[in-house]
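A quick write-up on the structure given underneath.
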Amino acid sequence: MTRAVILVNMSAAPHKTFYLETFGCQMNVHDSEKVIGTLVHEGYRQVETVEQADLILYNTCSIRDKAEQKVFHRLADYKKLLSQGKKFGVLGCVAQQEGEKIFERAPHVSLVCGSASYRKLPQMLSQLEAASPTEPASFDEASSRSRALSPAGRGISRAATLSTLVRITGLDDRETDECFETEFTARTNPHRGYITIIEGCDKFCAYCVVPFTRGKERSRTSASVLAEARQMADLGYTEIQLLGQNVNSYKDPAGKLGGGKSFAELLAAVGEVPGIRRVRFTTSHPRDFGRDIIEAIDAVPTLCDHVHLPVQSGSDRMLQAMQRLYTREQYLERIAWMKAAKREISITSDVIVGFPGETEADFEETLSLLDEVGYDSVFTFKYSPRPNTPSLALEDAIPDEEKARRLEVLMAKQREIQITRYKKYIGIISEVMVEGRNDSRGQWIGRTSQNKTLNFTAPETAAPNVGSYVPVRARASFPNSLVGEMVV
Ligand code: SAM
Ligand code: SF4
């Protein structure tokens, strides 16, 4: 499906070009694959540099302030290219969060589109194109608001000045019930690919912008997810990663009576698609994490033995302030289910330090939780106040140096845990998917079902193909990876 469509269209209409840079999480990476597929279907060709492009797009992240600032720096860096008639668009979370304010901060931007409006991209692109450089355009349409504003930039060419008049917005808010489903997905990796099964979030954790930027929680039908999984398998994909802000909050719109599946049932069904050898899923929310997910992993060997279960804090006081709606004990109960699974499940997490009111004692509880769980990896974040979020009302009283200190302590502790955990795999044979080759090291790059990097050597006579699965015995360990040799 995907690759064929891209090839056909690239040769059919190569004249309109776009450059797209993606910031942020896997959801954004996959959204970009769908945006690229849509643009290619609309006759655009993707190029590798801003200079080569007619249309410059940024798919943005606003989870932390730093991520948001990056986008505005990029826009400022390339503003000068406006005089060459190039058009700029901001997509994703910053687009949704800042809305039309982006036009004030970066007047050379023509398109602002949040992720909940991506399905309207073809219309928005037509509007953008129709706004020819010879005539300012004025658009009025229920589905996407666009207007002609007064000229913003004096001292630049007429064409460029007029192009700045075009202002197209796709800012569907929490009201939208629709998912961005498209058959035109430009997956770059031919062996493993993402499928979004649920969009948005209704959890409203105190610190988080996602419920405001990605709209309300809405799931695709399991029938549509399975159809996509089968198509991918037909195209030769062997690994599928199911995506959602909270993938396990999935609710099949078909409902129980209509043959709808629970998340665990959907997981198992994707794992049973002929040709699929690995299924991953991320991110899971502790509140909706049922035992049935572990039962599915036990029952279906293609479901990977890895669960990413963000805890955020080990202190009940902080969990309550963060509005996570689970306790340390409830979280540890879920960890106990995982530890009782038939296969050893690798557990990873996200932790925030320096949330308003976090005391040294609270922080110590997070450290002790790391010991208790024994994570294989933890993404660590310093609390960053975000617009619209409930915690904005709380004083962000912990100085940045103290947040940085806690982060360092946390990372050092986790590094020690990982050194011990990774050592356990020395001498063990694991099946890896071959992801590529590191010529400078003379090694192949492999990934285990547990999502660990296991790089390895192989005899020249038995060099593996990228995308194949081979057995590898680990010979040495590092805090974040293993090194071994292929078993021939
Ligand atoms: N839905 C997932 C969950 O609830 O576990 C998390 C998704 S969120 C996009 C990814 C991570 O970003 C969160 O788990 C959290 O650790 C971090 N994060 C979100 N908002 C943050 C903020 N305001 N400051 C620092 N880290 C933040
Ligand atoms: Fe953000 Fe909480 Fe939703 Fe995760 S569950 S996306 S942290 S609001």
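Work out the length of the dipole vector of the stretch 322-366 about its Cα centre, built from +1 on the beta-carbon of each Lys and Arg and -1 on the beta-carbon of each Asp and Glu, and round it to the nearest 20 debye.
Here the stretch 322-366 has a charge dipole of around 480 debye.
Between E51 and S368, what is the FRET efficiency for a Förster distance of 51 Å, r being their Cβ-Cβ separation, to the nearest 0.05?
0.45
Count charges around T238 for me, please; just the other residues with Cβ under 10 Å from its Cβ, Lys/Arg as +1, Asp/Glu as -1.
Summing Lys/Arg as +1 and Asp/Glu as -1 gives +2.
What is the spin-label model distance, in nm, from D234 to V488 if the labels are put 7 Å beyond Cα along the C-beta direction?
Computed distance between label sites D234 and V488 equals 3.8 nm.
Kirkwood hydrodynamic radius, computed over distinct alpha-carbon pairs, for the stretch 264-332: how many Å, to one decimal?
Value: 13.3 Å, from the Cα pair sum.
Over the alpha-carbon set of the stretch 318-361, divide Rg by the Kirkwood Rh and report the Rg/Rh ratio to two decimals.
Rg/Rh for the stretch 318-361 comes to 1.07.
Let me have the relative contact order for the chain, percent, based on Cα pairs under 8 Å that are six or more residues apart.
The value is 10 percent.
To one decimal place, what orientation-averaged projected area in nm² is obtained for the convex hull of the Cα set of the stretch 393-488?
Averaged projected hull area, Cα only: 8.9 nm².
Could you check the spin-label model distance between D65 and L325? Points 7 Å from the Cα along Cα→Cβ, value in nm.
2.9 nm
How large is the helix-only mean residue ellipticity at 222 nm for the chain, computed as the sum of -39500 (n - 2.57) over DSSP H runs with n ≥ 4, divided by its residue count, in deg cm²/dmol to the nearest 500?
Dividing the helical sum by the residues of the chain leaves -9500 deg cm²/dmol.
With the cut-off at 1.5 for a/c, could you classify the stretch 34-74 from its C-alpha gyration tensor as rounded, prolate or oblate?
oblate
I need the shape label for the stretch 39-98. Rule: rounded when a/c is under 1.5, else prolate if a/b > b/c, else oblate, with a, b, c from the alpha carbon gyration tensor.
Note, shape of the stretch 39-98 comes out oblate.
Using a simple spin-label model with points 7 Å from Cα along the Cα→Cβ vector, what separation in nm is obtained for L332 and S83?
Distance between the two pseudo-spin positions: 6.5 nm.
Within 10 Å, count the other beta carbons around each residue, average over each peptide in 245-255, 391-401, and list them highest first.
245-255, 391-401
Please name which of S430, Y383, Q450 has its Cα lying farthest along the dipole of the stretch 329-486 towards the positive end, using unit charges on Cβ (Lys, Arg +1; Asp, Glu -1) and the Cα centre as origin.
Farthest along the dipole direction, towards plus: S430.
Given the Cα-Cα distance of F204 and V409 and 0.36 nm per residue of separation, how much length would full extension add, in nm?
71.0 nm is the gain from fully extending F204 to V409.
Just the number: Rg to Rh for the stretch 171-220, Cα atoms, Kirkwood Rh, two decimals.
Ratio of gyration radius to Kirkwood radius: 1.06.
In whole Hz, with x marking every Gly and Pro, tabulate ³J(HN,Hα) for the stretch 189-196 from phi via Karplus 6.51 cos²θ - 1.76 cosθ + 1.60, θ = phi - 60°.
For the stretch 189-196, the Karplus-derived couplings read 8, x, 10, 9, x, 8, 9, 7 Hz, x marking Gly and Pro.
For the chain, how big is Rg over Rh, using alpha carbon atoms and the Kirkwood form of Rh?
Reported Rg/Rh, Kirkwood definition of Rh: 0.98.
Computed from the coordinates by the stated procedures, all read-outs in this text should not be read as laboratory data. From a predicted model like this one, the values you see are computed outputs, not experimental measurements. Positions of Cβ are backbone-derived with ideal geometry, glycine not excepted, and every protein chain shown enters the neighbour counts.
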